Amino acid sequence: MSTRLFVGNLPYNATEADLREHFGAIGPLSYVYLPTDRETGKPRGFAFVEFVERAQAEEAIRRLNNQPFMGRPIAVNEARAKDQQSSPRPQSQFTPRPAAPPPATGERNFGPDDAPRRTRKQPKSATKNQRVPKGPIRERTSGPVSFGEDDDDDNFYDDLGEENFASSANLSEDEMRNEEL
């Protein structure tokens, strides 16, 4: 019965012909498969070879494992089926605590149920100043006022006429009404 071997740590430039030549020294090969990447089409760095006789496969493992092939030490061992899991790794010195057993009723306890959405208390909203626009920006009335070049301060007193505004401020309301008429 034939025995398939896994060959790992292959150089990426290795070809099927190179593998047949290298493993052919031990015995005739019935099958050689060199997987390639789907996207790039380049070799993936490992291969599968199959010997007709089990004794030849065991001899290949003994003689070629960790031996240089095209400048790299290759790993040669018996191939495992896809669905077969690899050997378990040793656990670290710290083992996790076992989980608490589920309740006896068979149901898991996640705490009390949350209140339905419609009866939940609404979260506090932002303050009134943060959620309502303040309105238009008011103009400043204080500060320096600039006038255009056309304004003449000399004509200011001419426009006043003969009335003395300083003295009219002291007049009573009745006197002011009389002057207006």
Complete set of residues in segment 20-43 that are under 20 Å from GLU78 (Cα atoms) and either among the hydrophobic types (A, V, I, L, M, F, W, C) or assigned to a loop (DSSP other than H, G, I, E, B) (or both):
PHE23, ALA25, ILE26, GLY27, PRO28, LEU29, VAL32, LEU34, PRO35
Just one of ALA79, ALA25, ALA47 is out of contact with any helix residue (DSSP H, G or I) (no Cβ under 7 Å at 6 or more places or on another chain), in contact (Cβ under 8 Å) with a residue 40 or more places away in the chain and either within 11 Å of PHE6 (Cβ to Cβ) or exposed (fewer than 12 other Cβ atoms within 10 Å of the Cβ) (or both); which is it?
ALA79
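All of the numbers you see were taken from the coordinates with simple rules; none came from a lab. As the structure is a prediction and not an experimental result, all values here were calculated from the model. All Cβ positions, even for glycine, are placed from backbone atoms using ideal geometry, and neighbour counts span all protein chains on display.
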